[in-house]
Amino acid sequence: MKQIKTFILFALLLLSATLHGQDSTLVYVYDIKQEIGPEAWRNTQKAFTEANKKNADLVLIHMNTYGGMVNAADSIRTKILNSDIPVWVFIDNNAASAGALISIACDSVYMRPGGNIGAATVVDQSGKPVPDKYQSFMRSMMRSTAESHGKDTTITAQGDTIIDWHRDPAIAEAMVDPRLEVEGVIDSGKVISFTTSEAIKYGFAEADAENIPEVLDKGNVNNYRIIKQKLSATDKIINFLINPFVHGILIMIIIGGLYFEIQSPGIGFPLAAAALATLLYFAPLYLEGIAENWEVLIFIGGVVLIMVEIFVIPGFGVAGISGIVMVITGLTLAMIDNLEFQMNPNYVDTVMQSLAVVVISSFLAFLGGIWGSKKLFDNSFVPGLALDDVQTTEEGFSNVEASFRSMTGRKGVASTMLRPSGTVEIDEEHFDARAETGFIEAGTKIIVVRTSSSQLYVEPEDMEE
């Protein structure tokens, strides 16, 4: 019996040792199947953090992209180059432009038959190549990324030195600049873009593959376990909110809300909408470490100055202009990752792109505010937005609809500045009113020129004379 127990124990130990020696390779897979931008960079950071926590043996990027923002691609490429875990990429059709930069950074590249990699010329929003100083920065990134994979140096019997790059930097650079010629590969005047077979031929891909299992098989990873990145609901919401297009919408709501409040102080809803949009704009950027405290404070300071200009200081001067500049500055800088706060051509381009989003969105919000305020205050569909058919007691405001029909021609004085909305006093009663044209200073004698949908329209009395 003792011999049987000893045999069983030995067998168990042998089985345990055998299983231990056949530990599977842990492969962490995540996707880059969208435009390269803040979302792709955030997902990459999250992927590498999780891969390190789980002690993954390999990170595999499943890619299909036409490119995107250079600064985001540079951040992803740097993350890959500095990774202690080997990084492979499976190009499932396209790795164009910024996608090519990321792919070249990976330790191994596998491509689906019919796929493409290259065409990394930096272009503007209209698709036209940008000035050479930006192309130069992209060329240097492509060249240095290819060089990072090393080279083999051979000295022949004749004493000649032959350098064999694992990924030829000249080819990587020619993916950006059509002026470069690579002998035996491409003539000048054309930007390099490789098919799958060409990428394999010139050392920019290891092999072709139809899917991830085939990638692992051709990479000699036979016993493996795959963990795929799963984004939580919070991740998806944050990724949605940090999208540049959504930024533009939120900025329009922020600026539009402030404009409506300037036009008609006291309505409340536009200011509440602006406050909510501000929260949705800054919160994800702040939580992700993109927006810093000082950028948020610049924005808040700008809003405070605008509010002071609206409710305290007559006219529109230094406080209002300074407030607008600070709001635009805060919104612009909050979009930019401060880890890359350096004055190189790429960073300047990023600042200009962010500023363009803010300025264009603000301009559209301003135009929409002009059109919307006219519609809201002149349209009987929304009577009483500024005035309700309700009497208040403490301040003596009277908004009885019936009395408005007979008020044309009555005279009074502007209790507050009308820019163009405010408050007027007529026969010791206070009414919400709107300047027919321009602004009216507080204390100016006014006359009611017309009424519409529970709204008084007034002009300075001396204009009637």
Discussion item. Can you give me the distance in nm between label points at Lys445 and Thr49, each placed 7 Å from the Cα along the Cα-to-Cβ direction?
Written reply: 6.8
Worksheet item: Got a sec? Which residues in region 101-116 would a label at Glu214 touch, if it sits 7 Å along Cα→Cβ and we count backbone N under 18 Å?
Response: 109-116
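Could you compute the net charge surrounding Phe439? Neighbours are other residues with a C-beta less than 13 Å from the C-beta of Phe439; K and R count +1, D and E count -1. Working shown, then result.
Details: positive: Arg419, Arg434; negative: Glu309, Glu436, Glu441, Glu459.
Surrounding charge for Phe439 is -2.
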Practice prompt. Sort the following peptides by mean Cβ neighbour count (other Cβ atoms within 10 Å, averaged over residues), highest first: 85-91, 113-119.
Written response: 85-91, 113-119
Item to complete: Report the antiparallel proportion of the DSSP beta bridges in region 84-157 as a percent, rounded to a multiple of 5.
Response: 10
Fill in: Charge context of Gly317, other residues only, Cβ under 15 angstrom, K/R +1, D/E -1
-1
Worksheet item: Calculated FRET efficiency, Thr195 and Val318, Cβ-Cβ r, R0 41 Å, to nearest 0.05?
Response: 0.10
Response to the item:
Once both label points are put 7 Å beyond Cα along the C-beta direction, the Lys151-Ala283 separation in nm becomes 5.3
Worksheet, complete the sentence: If R0 = 22 Å, then Val325 and Ile249, at their Cβ-Cβ distance, give a FRET efficiency to the nearest 0.05 of 0.50
Item to complete: Give the carbon-plus-sulfur fraction of the accessible surface of region 59-189 in %, rounded to a whole number; probe 1.4 Å, heavy atoms of protein chains only.
Response: 46
Worksheet, complete the sentence: The long-range amide H neighbours of Arg410, using H built 1.01 Å from N in the peptide plane and a cut-off of under 5 Å, are Val448
Discussion item. Distance cut-off 30 Å, Cα to Cα: go down the list Lys53/Lys133; Lys151/Lys218; Lys53/Lys201 and report the pairs above it.
Written reply: Lys53/Lys133; Lys53/Lys201
Worksheet item: Along each of its three principal axes, how wide is the spread of alpha-carbon positions in region 52-156, in whole angstrom units, largest first?
Response: 42, 40, 30
Worksheet item: For region 195-247, which semi-axes, largest first and in whole Å, follow from the square roots of 5 times the eigenvalues of its Cα gyration tensor?
Response: 34, 20, 7
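Going down the list Lys54/Lys228; Lys79/Lys228; Lys46/Lys236; Lys33/Lys54; Lys128/Lys190; Lys33/Lys236, which pairs span over 22 Å between their C-alpha atoms?
Beyond 22 Å: Lys33/Lys54.
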Worksheet, complete the sentence: Other residues with Cβ under 13 Å from the Cβ of Asn116 give, with Lys and Arg +1 and Asp and Glu -1, a net charge of -2
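Hey, can you rank 95-107, 242-254 by average C-beta count inside 10 Å, highest first? All intermediate terms of the calculation are to be shown ahead of the outcome.
On the way: 95-107: 27.3, 242-254: 19.0.
My ranking of the peptides, most packed first, is 95-107, 242-254.
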Worksheet entry | Residues of region 188-273: accessible area per residue with a 1.4 Å probe, Å² | 51
Worksheet item: How much length is gained on full extension from Asp84 to Lys230, taking 0.36 nm per residue of separation minus their Cα-Cα distance?
Response: 50.4 nm
Response to the item:
Of all C-alpha pairs within region 165-261, those more than 24 angstrom apart amount in percent to 60
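The values are calculated or read from the model by the stated rules, or taken from the named source; none is laboratory data. All of these numbers come straight from a predicted model, not from anything done at the bench. Note: ideal-geometry Cβ built from the backbone for every residue, glycine included; neighbour counts use all protein chains shown. Keep in mind that these areas ignore ligands, DNA and RNA; they rest on the heavy atoms of the full protein, side chains included. Shrake-Rupley method; radii C 1.70, N 1.55, O 1.52, S 1.80 Å.
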